[in-house]
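The values are calculated or read from the model by the stated rules, or taken from the named source; none is laboratory data. Given the structure is predicted, the values throughout are model-derived calculations rather than measurements. For accessibility, only protein heavy atoms count, side chains too; no ligands or nucleic acids. Shrake-Rupley method; radii C 1.70, N 1.55, O 1.52, S 1.80 Å.
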Amino acid sequence: FLETAAYFCMKPKMGEKEVSPHSFFSIWHEFSSDFKDFWKKENKLILQERVKEAEEVCRQKKGKSLYNIRPKHDSGIVSK
């Protein structure tokens, strides 16, 4: 534990000789919970953007017809 605290440059609080696990993990818990919240928000925004892009692609595909309609030529018995 002390090596991990030294790696993250944790210094003991005033009046303490070394870093306590409680002080280290309280800071770590705050960081990890904030990070998780931001991660979820970013994922929601990315998902919303992808849904909008997919809807736009669907609208564009529906706007284009897959077949062509030709006008009817008067060449039958009725036209003569």
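May I ask you to verify whether Pro71 is open to solvent by less than 90 Å² (accessible area, probe 1.4 Å) and either at pLDDT below 85 or assigned to a loop (DSSP other than H, G, I, E, B) (or both)? Show your work before the answer.
On the way: open to solvent by less than 90 Å² (accessible area, probe 1.4 Å): no; either at pLDDT below 85 or assigned to a loop (DSSP other than H, G, I, E, B) (or both): yes.
When the stated conditions are applied, Pro71 does not pass them.
Met14 versus (1) part of a helix (DSSP H, G or I); (2) open to solvent by 100 Å² or more (accessible area, probe 1.4 Å); (3) of a type in the set (A, V, I, L, M): which is the lone unmet condition?
(1)
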